[in-house]
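Below is one structure; the comments refer to it alone.
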Amino acid sequence: MSEFQHERFIQRAIELAANFPEFPFGAVIADRESGEIIAEGRNKSSVNPTWHGEIDTINRLAELRPKFDGSRLSLYSTAEPCPMCQSAILWSGIGMVVYGTSIRFLQSHGWRQIDILAEKVVQRSLNWRCKIVGGILEKECNALFLDAYCGPCCSVELLSRDCKGLAESTRSWSLPCFGCTALFQRSSSCVEGRNGQLSLRHHGLREISPRKLRVLGVLHNFVIKRSDGRTAANRFFGQKHRELFPWLLEHMQLPPRPRRKTKS
């Protein structure tokens, strides 16, 4: 199958993912011989944490064609399959996987991923064959996940607006903070739930320090905005508050740069 045909099917996966920008994992299964798309799916982990895009597509395939021949099929995904999904692909007998965004890219941009590549799962699975092709329409797929990283709660435009007028040195750390907190916000469905998760991670799981708890709590409640421009504090208290970072910059001096150690 030519790269042009790969791009056609990845483009369809992108179209599916674009309809669900918060988790843009779209997938299709196509017949390599006929060029027909047999099944389509998307990430539904908000319903079931194991219901990834590839799993959804394989389930759809089994419904439509219970006696399918996986050796002539290819699965196309906007992102490299995780170990769970790649294992399901092998058990399904699907002979080829084509993806756009790599696990390494997702990891480098804050997406939580198990650090086992699809190719490694295939290598460790004796008596199974599955060809892995990555990087098809990679730029277009990466853009999906970069946009989703800031999320509907915190678009790139809103981040830029919130940081407008800040010194370059301040922007360099504030933008990653915004993005990191926006990514965390997707883990729960309400203000109280996310604050509860922060507390649990600090008190119960010991994953975050008291300092990180305070910072993330402030960012979550008073900084990160939804697409309607409101923060969690706006929604919770029903009134608008002053912009946090500009207020801080008005009332406190940024700490000086640390001194370089001199050799004695």
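5 Å is the cut-off here: which amide hydrogens, built 1.01 Å from N in the peptide plane, fall below it relative to A79, excluding neighbours closer than 5 in sequence?
G26, G100, T101
Using a 1.4 angstrom probe and counting only protein chains, how large is the accessible area of L126 in Å², to 10?
Per-residue accessible area (L126): approximately 140 Å².
Roughly speaking, what is the stretch gain from Q123 to I38, that is 0.36 nm per residue apart minus the C-alpha to C-alpha distance, in nm to one decimal?
Additional length available on full extension: 27.9 nm.
Once the other residues with Cβ under 12 Å from the Cβ of S71 are scored (Lys, Arg +1; Asp, Glu -1), what is the net sum?
Net charge in that neighbourhood comes out at +1.
Using 1/(1 + (r/R0)^6) with R0 = 22 angstrom and r between the beta carbons of F4 and M84, what's the FRET efficiency to the nearest 0.05?
0.10
Tell me, in nm to one decimal, what length is gained between Q107 and R65 on full extension, where the rule is 0.36 nm per residue of separation less the Cα-Cα distance?
Full extension from Q107 to R65 adds 11.6 nm.
Provide the net charge surrounding M96, with neighbours chosen by a C-beta distance below 10 Å and charges set as Lys +1, Arg +1, Asp -1, Glu -1.
Overall, the nearby charge balance is +4.
The values are calculated or read from the model by the stated rules, or taken from the named source; none is laboratory data. This structure is a prediction, so every number in the text was calculated from the model and none was measured. Here Cβ is always computed from backbone atoms with ideal geometry, including for glycine, and neighbour counts include all displayed protein chains. Remember, those area values only see protein heavy atoms, side chains included, never the ligands or the DNA or RNA. Shrake-Rupley method; radii C 1.70, N 1.55, O 1.52, S 1.80 Å.
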